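Worksheet for the structure shown next.
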Amino acid sequence: RGHRGFVTSVAFNPTEATFATAGMDATARIWTVRNEREPNRVRGHQSSVSGVRWSPSGDRLLTWSTDKTARIWPGDGSAEPVVLKGHSHFVTVAAFSPDGRQVVTGGYDDLVMVWDALGRTPPLVLRGHRSLVTAVSFSPDGARILSTSDDGTLRIWKLNAPDHPLVIRGHKGGVNGG
């Protein structure tokens with residue numbers, strides 16, 4: 001019924017009485033809040049699922065993993081996902097854009113990648129961090145991305161001018177977001 005091993009992430013669905021969990025057993029699970037029915041097991045990753053997030057509309061579930069991929073599943077997890085494959089090491093963080101049409105991922109490979117949520121085009125690759133990416137987030141208007149890293153920097157990337165991010169330095173250690 002539950003995960004075998006540690007639960008690594010949890011997230012409420014914004015529009016339904018469900019929530020999702022991610023586990024070291026290479027699965028995500030979709031639970032119903034109001035009853036104790038068996039959760040829907042979401043399988044496809046090859047190793048530990050590091051995180052789960054719902055799309056803003058609540059109709060899709062984003063998972064990311066140490067298998068170097070992120071996946072976008074239908075909200076019930078029952079159909080084949082869109083697989084976002086391009087990182088050369090673990091995907092450490094991911095987030096949907098406010099309109100749900102894009103996904104941003106960060107990885108242990110120091111890269112930030114911006115994807116079409118339907119998986120139709122190659123990602124925009126944002127380079128500049130010198131250590132693993134610890135957090136990513138879209139601005140409310142979807143025009144910028146904020147990323148943080150163990151290299152001690154925060155970067156604000158304008159999607160219409162991604163080669164010139166604003167780099168904020170001065171931290172003594174790595175910067176971890178939430």
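Quick rundown of the values:
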{"read-out": "Backbone N within the stretch 76-95 under 18 Å of label point (7 Å from Arg120 Cα along the Cβ vector)", "value": "81-85"}
{"read-out": "Gain upon complete extension [Ser9, Ser137; 0.36 nm per residue less C-alpha separation]", "value": "44.4 nm"}
{"read-out": "Glu16 - accessible surface, heavy atoms, 1.4 Å probe, Å² rounded to 10", "value": "110 Å²"}
{"read-out": "Range of Cα positions in the chain per principal axis (Å), largest first", "value": "49, 30, 26"}
{"read-out": "Residue (of His89, Val104, Phe138) at the positive-pole extreme of the chain, dipole from beta-carbon charges", "value": "His89"}
{"read-out": "Positive-pole candidate from Pro14, Ser149, Asn160, dipole of the chain, charges at beta carbon", "value": "Ser149"}
{"read-out": "Kirkwood Rh and Cα Rg combined as Rg/Rh, the stretch 46-89", "value": "0.97"}
{"read-out": "Translational diffusion coefficient (Stokes-Einstein; Kirkwood radius from C-alpha pairs) of the stretch 1-95 at 4 °C, 1.567 mPa s, in µm²/s", "value": "100 µm²/s"}
{"read-out": "Selected from Arg29, Arg53, Arg127 as most flexible by GNM, with the chain as the system and alpha-carbon contacts under 10 Å", "value": "Arg127"}
{"read-out": "Calculated over the stretch 90-178: convex hull of Cα atoms, volume per residue (Å³)", "value": "88 Å³"}
{"read-out": "Difference of contour (0.36 nm per residue) and Cα-Cα distance, Asn176 to Lys85", "value": "30.4 nm"}
{"read-out": "Heavy-atom accessible surface of the stretch 74-129: percent carbon and sulfur, 1.4 Å", "value": "53 percent"}
{"read-out": "Assigned charges on the beta-carbon of Lys, Arg, Asp, Glu; the chain dipole about Cα centre (debye)", "value": "160 debye"}
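The values are calculated or read from the model by the stated rules, or taken from the named source; none is laboratory data. These figures come from a predicted structure and were not determined experimentally. Note that each Cβ is placed from the backbone with ideal geometry, even for glycine, and that neighbours are counted across all protein chains shown. The accessibility values were calculated without ligands, DNA or RNA, using every heavy atom of the protein model including side chains. Shrake-Rupley method; radii C 1.70, N 1.55, O 1.52, S 1.80 Å.
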